[in-house]
Amino acid sequence: MEHRELADPVRAATMSASELRAAFLVEDLFRAGELKLLHWAGERTILGSAVPVEAPLALEAPEEIRAPFFCARRELGVFNLGGPGRVTVLGMPHPLGPRDGLYVGRGSKEVVFESDDASNPALFYLASHPSHVDLPTRLAPQSDAQTFRLGEPARANVRTLRRYIHPGAFPTGQLVAGVTDLDVGSVWNTMPPHRHARRTEVYLYFDLDPDAVVFHFMGQPGETRHLVVRNLQAVLSPSWSMHFAAATSRYAFVWAMGGENQEFDDMQGVPMGTL
C-alpha cells in the first residue's frame, strides 16, 4: 500500500508542478487483475481500486494498518465504474451494475470483488475511513441516490449531483460519498469554490474522453494552484484547500468525504474577489 503524508498550505504554496502532483494526484489506480490501495494521512483515508478479470480479488488488510482484516476498524464505500460485477461480503453477494454503490460496515471480515464478464470487467473504486461503530452492509444503487440538479447553462456548470452514502439514506461512521455528472456543454464544477474546514475530500474523475483533461484548482484563495487530471485519476483535497474544476469537455467524478461533521452543507464559501 502506498502512503502519502498530508502537506500543509505553507509547503503547498511553494511546490513545483511535479511536487504538487506527487503530493495530491493519484495517477495509476486501475490495473486489470489487480487490487491497489493508497493511504493518505488526511483523516487516515484509504482509497483504492479493484479490477477483477479472470479471478476474484479479495480485500486483505495491509500490514501498515495492523488489523486482522481490512474492515476491523474501518468502513468502506465501493463504486462500480465499469461493467457489471459483484462484491461478496461475509458470504453474501451484492450485485453492482455500472455506477452502483455499496457501503460495507465495520466488522465485515471478508470482502471479495468479482466481474460478471472478464471482457468487460468491473472497475471498483474504494474509499475508506476509520469507524467507531459496527454498521450493516447496505447497497447504494444509483436509482436510490438522492438527486439534485445544479447550475445554469450561462455559467457552463449544469450538473447532476447524486448522494449515495449519506446520513439521509442510512447511518455511517463518517463516510459521505456520491457522484456528480456534468451535462454536455458544461465544464465548471463547484464554482464559486468552497472549502471544508471539518473534513477532507477525495475526487475520482471519470467518463473523460481519452484526449480530455480536467484542470482541478486547489490551494488557499490567495495562492491558487492547479493539477492537470486525466481519466480515472484521483485528487486528494485537504481541509485547508479550496476545490473547483473545469475541463475540456464534460466529465463526472466520485466525491468521498470523511471528518468530524457529516452535514453536507457544512462548507466555507470562497468569494470570487479573493481568488
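Before moving on, here are some points about what is shown:
- Scanning the stretch 165-175 for residues that are touching a residue at least 40 places away in the same chain (Cβ under 8 Å) and either surrounded by fewer than 24 Cβ atoms within 10 Å (Cβ to Cβ) or touching an Asp or Glu at 6+ places or on another chain (Cβ under 8 Å) (or both) yields HIS166, PRO167, PHE170, THR172, GLY173, GLN174, LEU175.
- Enumeration of residues in the stretch 62-82 that are of a type in the set (A, V, I, L, M) and either in contact with a His (Cβ under 7 Å, 6 or more places away or on another chain) or surrounded by fewer than 18 Cβ atoms within 10 Å (Cβ to Cβ) (or both): ALA67, ALA72
- Inside the stretch 30-53, residues that are at pLDDT 95 or above, out of contact with any helix residue (DSSP H, G or I) (no Cβ under 9 Å at 6 or more places or on another chain) and open to solvent by less than 20 Å² (accessible area, probe 1.4 Å) make up a count of 9.
- Selection of first residues in the stretch 57-70 that are acidic (Asp, Glu) and of second residues that are open to solvent by less than 100 Å² (accessible area, probe 1.4 Å), restricted to Cβ pairs under 6 Å at least 6 apart or on distinct chains, gives the following pairs, ordered by first then second residue: GLU64/MET1.
- For first residues located in the stretch 138-157 and in contact (Cβ under 8 Å) with a residue 24 or more places away in the chain and closer than 30 Å to VAL111 by Cβ, partners that are part of a strand (DSSP E or B) and among the β-branched types (Val, Ile, Thr) and lie 6+ apart or on another chain with Cβ distances below 9 Å form the pairs ARG138/VAL104; ARG138/ILE165; ALA140/VAL78; ALA140/ILE165; GLN142/VAL179; ALA145/VAL179.
For every residue, the table says whether it meets (1) within 20 Å of SER18 (Cβ to Cβ); (2) among the hydroxyl-bearing types (Ser, Thr, Tyr); (3) open to solvent by 30 Å² or more (accessible area, probe 1.4 Å).
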site	(1), (2), (3)
ARG198	no, no, yes
GLU201	no, no, no
LEU208	no, no, no
ALA212	no, no, no
HIS226	yes, no, yes
VAL229	yes, no, no
LEU232	no, no, yes
LEU236	yes, no, no
TYR251	no, yes, no
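A quick yes/no check of all residues on (1) closer than 24 Å to ASP28 by Cβ; (2) at pLDDT below 95; (3) assigned to a strand (DSSP E or B); (4) open to solvent by less than 10 Å² (accessible area, probe 1.4 Å):
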residue	(1), (2), (3), (4)
PRO93	no, no, yes, no
TYR103	no, no, yes, yes
ARG106	no, no, no, no
GLU114	yes, no, yes, no
PRO121	yes, no, no, no
LEU126	yes, no, yes, yes
HIS129	yes, no, yes, yes
HIS132	no, yes, no, no
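The values are calculated or read from the model by the stated rules, or taken from the named source; none is laboratory data. None of the values given here were measured: they were computed from a predicted structure. With ideal geometry, Cβ positions are generated from the backbone for all residues, glycine too; neighbour counts draw on all protein chains shown. Note: accessible area is taken over every heavy atom of the protein model, side chains too, but ligands, DNA and RNA are not part of it. Shrake-Rupley method; radii C 1.70, N 1.55, O 1.52, S 1.80 Å.
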